[in-house]
1. So if I check each of A:141, A:125, A:106, A:158, which one is part of a loop (DSSP other than H, G, I, E, B) and either in contact with a strand residue (DSSP E or B) (Cβ under 6 Å, 6 or more places away or on another chain) or buried (at least 24 other Cβ atoms within 10 Å of the Cβ) (or both)?
2. Look at residue B:114 and say whether it is under 30 Å from residue A:12 (Cβ atoms), touching a helix residue (DSSP H, G or I) at 6+ places or on another chain (Cβ under 9 Å) and surrounded by 14 or more Cβ atoms within 10 Å (Cβ to Cβ).
3. Taking region B:67-85 as the search range and keeping residues that are touching a residue at least 60 places away in the same chain (Cβ under 8 Å) and within 10 Å of chain A (Cβ to nearest Cβ), which one is surrounded by the most Cβ atoms within 10 Å (Cβ to Cβ)?
4. Here are the criteria: (1) crowded, with 17+ Cβ neighbours inside 10 Å; (2) within 25 Å of residue B:180 (Cβ to Cβ); (3) more than 11 Å from chain A (Cβ to nearest Cβ). Tell me which single one residue B:1 does not satisfy.
5. Can you pull out the strands (runs of 3 or more DSSP E) entirely within region B:126-215 that have at least 2 residues that are touching a helix residue (DSSP H, G or I) at 6+ places or on another chain (Cβ under 8 Å)?
6. Out of curiosity, is residue B:31 out of contact with any helix residue (DSSP H, G or I) (no Cβ under 9 Å at 6 or more places or on another chain), touching a residue at least 60 places away in the same chain (Cβ under 8 Å) and within 14 Å of chain A (Cβ to nearest Cβ)?
């Protein structure tokens, strides 16, 4: 495809970075994904005999922080309850709906420590995490978000962050803590996130996306795979091998697993979120009497 | 049942921006916000270069992705094909802005005026606080379309009930009408030309057709 540029100042047909969701909206995905992932992982930790009360509190604080941030983002915050009006198709409505039982079940899980409420809060966490992923995927205007593999990426990073925070929370809870089990979870979910990330990136390059999105995502590839991913796996392996200071190794692995996910989502929502741009399917027949090739500048990838 | 569409003949558009100015005048959009834009596109490589003009605005899609994601039902698609926003329901979450593949929506969070913090007289008269902090976009001049039901006039034929941009076009590049009416201008024009709809592969079913050649 031949190059194209347009002259009208400030108005481009090339994809441009979205400007409407800033760090406050990103915080909802960052904190909400971590918190909901943590609630899911807490169920398994509780089943393994761990005291998950610090983890549940942390999860609820994270989700609440994310929702508070997005409340400050919206243009008409005092009408925020209108968000509940479109459950038929809107994943933002569904996210808000799920948040209610999430807090209720989480609070009951904290106070009763009963496995039923822990399971219920984990189910709510899964629904919340899925809703957040679908909010991104259903946004057709942002090619890097609407790719189907973004769904697994968002889910896997939420779980990896949850495992990371669970490992961090283990340092706050009284011993004994199932260090080896938590380390195994960090390793497994870090591997899952690396696989999902590389599959997403490869598919985005193959299917085509705005060049700006591809550049921003490529810029964090090494940090996702070899930095937070491999680092978390190595530290968690050290904890699983019960090396001296195993809890600290686990905490370091958790910090890397959570931090890597936050970096990924920050980049995806704030730096790689180039819109579709505009295109001319057929150049009009004028002057020379012939049409020209399609014009769709600013896109890359496509195999 | 009527379904209103717009047909834009890219062969005729000369990029004069009269439609842009007419839209701003009709809808009193704030500085920096243009519901109707005409983009000036240079393409190709020397010596085979071309210059094209691309008028864009809300495409009033058959399957509007903005309506699907809207959490408040502020965005609705009417039976006649127009996609509307209820400013009283919108919370300004910008989810619709992200969902629109045509960059057609905008949100202004603070009052903006052409000359400083205070509005000039004409801005003060037409300033609408309901449009602050909510999503807004081209309406196909919905108030004019609705007036047709009262007056018996025909949108796309009678100027009083036709979108301002279409009325203003100096080259006759923009045509508006009911695609369900076999006798309408848009129906006849589409039958005798080759045309495309932007980003049709996304399944949005835009209601704006771009003519690029005769049939």
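The values are calculated or read from the model by the stated rules, or taken from the named source; none is laboratory data. Bear in mind that the values here come from a model prediction, so they are computed numbers and not experimental data. Reconstructed Cβ throughout: ideal geometry from the backbone, glycine too, with neighbour counts over all protein chains shown.
1. A:141
2. No; evaluated as a whole, the condition is false for this residue.
3. B:75
4. (1)
5. Values: elements: B:174-178, B:193-196, B:208-214.
Where strands (runs of 3 or more DSSP E) fall fully within region B:126-215 and carry at least 2 residues being touching a helix residue (DSSP H, G or I) at 6+ places or on another chain (Cβ under 8 Å), they are B:174-178, B:208-214.
6. Working: out of contact with any helix residue (DSSP H, G or I) (no Cβ under 9 Å at 6 or more places or on another chain): yes; touching a residue at least 60 places away in the same chain (Cβ under 8 Å): yes; within 14 Å of chain A (Cβ to nearest Cβ): yes.
So residue B:31 passes the test.
One line per residue, one yes/no per condition, for (1) at pLDDT 95 or above; (2) closer than 24 Å to residue A:274 by Cβ:
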position	(1), (2)
B:90	yes, no
B:100	yes, yes
B:121	no, no
B:139	yes, no
B:142	yes, no
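Condition check ((1) within 14 Å of chain B (Cβ to nearest Cβ); (2) in contact with a helix residue (DSSP H, G or I) (Cβ under 9 Å, 6 or more places away or on another chain); (3) closer than 30 Å to residue B:40 by Cβ; (4) not in a helix (DSSP H, G or I)) across all residues:
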{"residue": "A:199", "(1), (2), (3), (4)": "no, yes, no, no"}
{"residue": "A:214", "(1), (2), (3), (4)": "no, yes, yes, no"}
{"residue": "A:225", "(1), (2), (3), (4)": "no, yes, no, no"}
{"residue": "A:239", "(1), (2), (3), (4)": "no, yes, no, no"}
{"residue": "A:247", "(1), (2), (3), (4)": "no, yes, no, no"}
{"residue": "A:255", "(1), (2), (3), (4)": "no, yes, no, no"}
{"residue": "A:288", "(1), (2), (3), (4)": "yes, no, yes, yes"}
